[in-house]
Amino acid sequence: MNLCACGCGKPVKPNRKFLWGHNSKGRRLSTITRKKLSNIHKGRTLSVETRKKIGDATRKRIKEQGHHMLGKHHTKEAKRKISEGNKGKSGWNTGRTAKDHPSVLGGSDAYWFGKKLSEEHKAKMSKAAKTEKRIKIAISHLPKNQIGENHPMYGKHHTKEAKQKMREARRGQNFPRNKTKPELELLKIIDKHKLPIKYVGDGSYWVGRINPDFIAVNDKLAIEVFGDYWHDPARNPNVDYLRTEEGRREYLKSLGWDLIVLWQSEMEGGEEFILSKLNHQGLNIEELDYIIETFRELG
């Protein structure tokens, strides 16, 4: 097995002395030489076929040898030099149109021409964009000493032990909050019909990172009473994803739990509607069918 002649100790292909790029390690071209090379390439346009070959060869090399910057980071000084070097330069596509680069900017030669994204892919892209927008909005409201390098935890990480202690401490917290009007309304219905549902919104029970309002006594089922403004991203763009119905359902499902959400506006439908929704969406109690049927007979 032949090793690279630069002394890095990595194997090379037969009939080769160096890995790609290793033959110039430690060498630096003079300013005059770099200028000559630059002038040679000015005005030259590679064909689509040539660019494709170069791209394929580069991807193959990275797959076999790994990217030269993999696991590395530029120093602050290096970043500053790169930034200074790029100042005043125009972008690679400045003044160019799709005619100049049809495979990159669009047209029938583009790699995405004629392709359609799946609905799942579109949903993921939409979700990512919305999440990024929410993060930017949230950051814009933070004080300057809580952003970037000014943050006391910038560049640091909590140990697993510290995270566990914080989690346990939070679970043991008492939340001195009053029950909301919709929660009190649901509690009356629970007490009236002796439903096997328990109020735990005071922090007495946690499912992972979530403290639900209610839980079913005999099932892995959480019941949340959501205020329309505080949990609906359509009304409140700043709401955290985990506080939305979609985010909470997704998180609880990953832990093997189901979720029923009763929205404040829905609860205006009255006792029969609330019981119907509980029965329809997963609270399997035989007595509920009888109670709902009784309501209909009385109505």
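The values are calculated or read from the model by the stated rules, or taken from the named source; none is laboratory data. Because the structure is predicted, anything quoted here is derived from the model rather than measured. Cβ coordinates were reconstructed from backbone atoms using ideal geometry, including for glycine residues, and neighbour counts include every protein chain displayed.
Structure data summary
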| item | result |
| --- | --- |
| Tabulated pairs, region 42-54, first closer than 17 Å to ASN93 by Cβ, second at pLDDT below 85 and of a type in the set (Gly, Ala, Ser), C-beta under 6 angstrom, 6+ apart or interchain | VAL48/SER103 |
| HIS74 under 30 Å from GLY155 (Cβ atoms) and either touching a residue at least 24 places away in the same chain (Cβ under 8 Å) or in contact with a helix residue (DSSP H, G or I) (Cβ under 6 Å, 6 or more places away or on another chain) (or both) | no |
| Matching residues, region 78-93, being closer than 24 Å to THR45 by Cβ and surrounded by 10 or more Cβ atoms within 10 Å (Cβ to Cβ) | ASN93 |
| In region 1-30, residue modelled with the highest pLDDT [restricted to those that are in contact with a Pro (Cβ under 9 Å, 6 or more places away or on another chain) and in a loop (DSSP other than H, G, I, E, B)] | CYS4 |
| Every residue from region 243-278 that is over 15 Å from ILE223 (Cα atoms) and within 18 Å of the chain's Cα centre (by Cα) | SER254 |
| Conditions (1) acidic (Asp, Glu); (2) surrounded by fewer than 18 Cβ atoms within 10 Å (Cβ to Cβ); (3) under 21 Å from LYS179 (Cβ atoms): number failed by GLU224 | (2) |
| Exclusive hit being modelled with pLDDT of 75 or more, surrounded by 10 or more Cβ atoms within 10 Å (Cβ to Cβ), of a type in the set (Val, Ile, Thr) and within 30 Å of GLU246 (Cα to Cα), set THR58, THR33, THR131 | THR131 |
| In region 190-214, residue surrounded by the most Cβ atoms within 10 Å (Cβ to Cβ) [restricted to those that are β-branched (Val, Ile, Thr) and either closer than 18 Å to MET267 by Cα or in contact (Cβ under 8 Å) with a residue 60 or more places away in the chain (or both)] | ILE197 |
| Filtered residue count, region 152-174, keeping only those that are in a loop (DSSP other than H, G, I, E, B) and at pLDDT 80 or above | 8 |
| Any chance LEU187 is free of Cβ contacts under 8 Å to residues at least 24 places away in the same chain, farther than 27 Å from THR131 by Cα and surrounded by 12 or more Cβ atoms within 10 Å (Cβ to Cβ) | yes |
